[in-house]
Amino acid sequence: MKRVVPVLTLAAAFFGFSFIAYPQNLQVVNAASLTPNGSVAPGSIITIFGLQLTTGTARATDASNPPDALGGVTVSAGGVKSTLFYVSPAQVNAVLGNTTPLGSQTLTLTSSTGTKTGTIVVEKTPAPGIFSLFGSGTRDGAIINAITYGLGAFSTTTLNRSTFLSIFATGIDTSSTPVVTIGGVPVTVLFAGNAPCCVGLQQVNVQIPDSLAGAGRVPVIIKSGDKSSNLVEIVLLPNKGQGAFKDDEDNESRNRELAGIAWVPTTSLVLVADENDDVVRVIDLQQRKVIKTISLPNGAEPVAVAVNSTGRFAVVAERGLGKAAIIDLTTFTVIAQVPVGSGPIAVAISNNLAAVLNGETDNVSVIDFTTRTVVRTIAAGHTPRAIAVDLASSRAYITNENAGSVTAIDFNTGAIVRTYDLGASTRPQSIVVVSSALAIITEPASGPDGKVILLNLITGATTTVAANPERSGGSNDIAIAGNNVFFANQTGGTVTLMQLLPGATTFTGSPVLIRAETGVRALAVDTKDNLLIVTNQGTGNIVLIDLATRQVVGRINAVRGEMEDQNGKDDRADRDRAANLPTLTSVTPASGRIDTTFTLTIQGTNLTGATEVTFIKPGDIHGQGKGRGRGEGKNTDDKITTSSIAVNPAGTQMTVSVRIAGSADPGTRIVRVETPNGETSLLQSTANTFTVNR
């Protein structure tokens, strides 16, 4: 297949900027995966982290011909010069010379701040790295539609033909064709080699098979020889007309995309996080419908939710904001937005503490429900992905996706108790703890047979079994009900049931497949109604499976709000009508002069906890595009600043000090208030209009 030049700004991926900071003198990693202590290949792009590497910042002007000296910085490894893309005091991105000798080598960096050295291991066939859009080595991959050059969600067809993807990476041994799996399914590789735009950048073109239509958010890895790359993600859409909304188009991100699910103990309620709509929907399993929509701040990207044992509080991992939302389930409102690390991806709760995994800063934030603050931060392995708590031992077990390990911590003290090595090329995802001696782990990216790892927590020994007998893709989420263990087979649209008898260390009997719907993403068990609850990302439904009969007994549309009918559109209307969303009824005064400071009084509802008041020119609002709530395109007027926000106990009135600079433009502004429950509307009305006068 013809090679294509990427139209996305890949320079952002390898010119900077990483979320990981290393305190040591020099740390050298594959610039795509950012995996610590890994080896690198001659001719690949590397990132060097350190302190006071240089005094300024500089970027190469030509990525196809970068210089070997940039901003007064030079780098060599094993005596061979490297070329440079980007230099800064804390990070340098470079390309190892093609003739860099193999083995353990000294890397030398010289600049105006002196000479610094570090040790790297150079291999011909190290683990390759896939670039990510966020520069973190995880999350959404630097992957484009090779026909349209589009980013975002992908369909299996483009312009009435198969969809081809271009995956951007570095460090691949292209002397043989690499293996690419999407959701565990091997896909056809049409090209693997150098990308024409940039030195050291490689491109792998693949074809998406029709069988993956509607699979949803799934993992992507590249295997070069026996080495696996870091894991990144893409979203695969259903065929046009087969999803929840008939107006959805091919290769167009949807406004509503199901993610995590949690049952509320002692009730018939479940909470479903929608990562694109920035909401949590409350579903009544008896009524078989959504009964409430809880809005979160714009761009929250909620991907996981957990509920405490009393059913009073829920905690939501907001991957887009680096925060955890605490929801009071008696009022269905957000009572706190707690800053954690970057890219929170999973949550577990034990008594009065919640542990939030930060997938892009390699640590765990432990939140106290009483103070609603982070009380300790605990180091994890590279790219923590899932967490399970063993209440009997007060230990939490964390899968580290790109490190191939499991970290055990004492949940109460935060001490790291043990690290279990699963293998450098293992990419573990979900985990459940069966007992103090046994954990079950899935590895959905490894292959189509649903690889499951049984980890002996006492000896560290592992055994593997296949949980997907029809070999339709990897197994991801896990749920346990008594002796029954359920696995979600996302790309296959099925759930596997396997039995684990008390005290046993392996499964009994053969796997039983239960057909659900496309894109099986998350599982939860409702012990009150004796149901297994399954989210299906492709269709937007949740499927209810009777635990006694193992039969599907119901389906509920989980992407339509409580006030929407079946003819609703794929927009954000349900979020805009959420009962907890703040609203404005008036702003006083309604105008102000330039070069003045005054107090603005704002009347409205749900203003409790307001964190920011901004002023926006109506012409700077571009409309609501699809996908993760980031399409509003608002530009805050930086000539109007605010401070000293005060809100009354009822959340119906607030005051804020406003300063209008002398250089501000006269004209209309829309006043927007941001709160833990979201933000007020950008739709202009008399209630939110403010005029700047000379």
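The values are calculated or read from the model by the stated rules, or taken from the named source; none is laboratory data. Note that the structure is a prediction, hence the values are computed from the model and not measured. So basically every Cβ, Gly included, is an ideal-geometry build from the backbone, and we count neighbours across all protein chains shown.
Mind checking which residues of the stretch 214-225 are farther than 20 Å from A522 by Cβ and either modelled with pLDDT of 90 or more or buried (at least 24 other Cβ atoms within 10 Å of the Cβ) (or both)? Once the filter is applied, which keeps residues that are farther than 20 Å from A522 by Cβ and either modelled with pLDDT of 90 or more or buried (at least 24 other Cβ atoms within 10 Å of the Cβ) (or both), the stretch 214-225 yields I221, I222, K223, S224.
Looking across the stretch 603-623, the residues that are closer than 21 Å to N635 by Cα and of a type in the set (A, V, I, L, M) come down to A610, V613, I616, I621. If the condition is being among the hydrophobic types (A, V, I, L, M, F, W, C), within 22 Å of A524 (Cβ to Cβ) and assigned to a loop (DSSP other than H, G, I, E, B), then the stretch 419-478 contributes only A467.
Quick grid of which residues meet (1) at pLDDT below 95; (2) among the hydrophobic types (A, V, I, L, M, F, W, C); (3) assigned by TED's automatic domain parsing to the domain that holds D226:
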residue	(1), (2), (3)
N412	yes, no, no
R418	no, no, no
R427	no, no, no
I441	no, yes, no
D449	no, no, no
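The set of residues from the stretch 392-417 being more than 20 Å from A304 (Cα to Cα) and aliphatic (A, V, I, L, M) comprises A392, A403, A408, I409, A415, I416, V417.
When the stretch 589-621 is examined, which residues are found to be small (G, A, S), part of a strand (DSSP E or B) and under 22 Å from N298 (Cβ atoms)?
Residues of the stretch 589-621 small (G, A, S): 590-592, 604, 609-610, 619.
Adding the requirement that they be part of a strand (DSSP E or B) leaves 591-592, 604.
Listed by number, the list holds a single entry, G604.
Take the stretch 107-127 and flag every residue that is surrounded by 14 or more Cβ atoms within 10 Å (Cβ to Cβ) and in contact (Cβ under 8 Å) with a residue 60 or more places away in the chain. Answer for the stretch 107-127, where residues must be surrounded by 14 or more Cβ atoms within 10 Å (Cβ to Cβ) and in contact (Cβ under 8 Å) with a residue 60 or more places away in the chain: L107, L109, T113, K116, G118, I120, V121, V122, E123, T125, P126, A127. For the stretch 23-57, taking the residues that are more than 29 Å from G225 (Cα to Cα) and surrounded by fewer than 18 Cβ atoms within 10 Å (Cβ to Cβ), the one that is modelled with the lowest pLDDT is identified as P23. Annotation: of all residues in the stretch 328-366 being over 19 Å from R385 (Cβ atoms) and under 20 Å from the mean Cα position of the chain (by Cα), the one that is surrounded by the fewest Cβ atoms within 10 Å (Cβ to Cβ) is P339. When each of S88, S64, S104 is tested for being touching a residue at least 40 places away in the same chain (Cβ under 8 Å), among the hydroxyl-bearing types (S, T, Y) and more than 16 Å from G200 (Cα to Cα), the lone residue that passes is S88. Just one residue in the set A90, A127, A77, A94 is more than 17 Å from G43 (Cβ to Cβ) and hydrophobic (A, V, I, L, M, F, W, C); that residue is A90.
Where in the stretch 189-255 are the strands (runs of 3 or more DSSP E), entirely inside, with at least 1 residues that are over 21 Å from G473 (Cβ atoms) and not small (G, A, S)? Explain how you work it out, then say what you get.
Values: elements: 202-207, 216-224, 232-236.
By residue number, 202-207.
If the condition is being touching a Leu at 6+ places or on another chain (Cβ under 8 Å) and over 30 Å from V180 (Cβ atoms), then the stretch 108-131 contributes L109, S111, T113, T115, K116, T117, G118, T119.
Test P67 against the stated conditions and say whether it is under 24 Å from G404 (Cβ atoms) and either surrounded by fewer than 20 Cβ atoms within 10 Å (Cβ to Cβ) or aromatic (F, W, Y) (or both). For P67, the condition - under 24 Å from G404 (Cβ atoms) and either surrounded by fewer than 20 Cβ atoms within 10 Å (Cβ to Cβ) or aromatic (F, W, Y) (or both) - is not met.
The residues of the stretch 229-251 that are small (G, A, S) and either surrounded by fewer than 24 Cβ atoms within 10 Å (Cβ to Cβ) or not assigned by TED's automatic domain parsing to the domain that holds I130 (or both), listed by number, are G241, G243, A244.
Being out of contact with any Cys (no Cβ under 8 Å at 6 or more places or on another chain), within 19 Å of E233 (Cα to Cα) and crowded, with 18+ Cβ neighbours inside 10 Å is true of I172. Scanning the stretch 155-167 finds one or more residues that are touching a Gly at 6+ places or on another chain (Cβ under 7 Å) and modelled with pLDDT of 95 or more.
Go through T310, T371 for me and flag whichever is without any contact (Cβ under 8 Å) to a residue 12 or more places away in the chain and in the same structural domain as S394 (by TED's automatic domain parsing). Steps first, answer last, please.
Numbers: T310 fails: without any contact (Cβ under 8 Å) to a residue 12 or more places away in the chain.
Answer to the selection: T371.
For the stretch 664-684, state whether one or more residues are without any contact (Cβ under 8 Å) to a residue 24 or more places away in the chain and out of contact with any strand residue (DSSP E or B) (no Cβ under 8 Å at 6 or more places or on another chain). Yes, the stretch 664-684 has at least one match. The number of residues in the stretch 127-147 that are at pLDDT 95 or above and not hydrophobic (A, V, I, L, M, F, W, C) comes to 6. Screening D277 with (1) closer than 20 Å to V364 by Cβ; (2) within 16 Å of the chain's Cα centre (by Cα) gives one miss only, at (1).
What about L8, is it assigned to a loop (DSSP other than H, G, I, E, B) and modelled with pLDDT of 90 or more? The answer is no for L8. Scanning the stretch 191-219 for residues that are touching a Phe, Trp or Tyr at 6+ places or on another chain (Cβ under 9 Å) and either of a type in the set (D, E, K, R) or within 15 Å of I144 (Cα to Cα) (or both) returns A195, L201, Q202, Q203, V204, N205, V206, Q207, I208.
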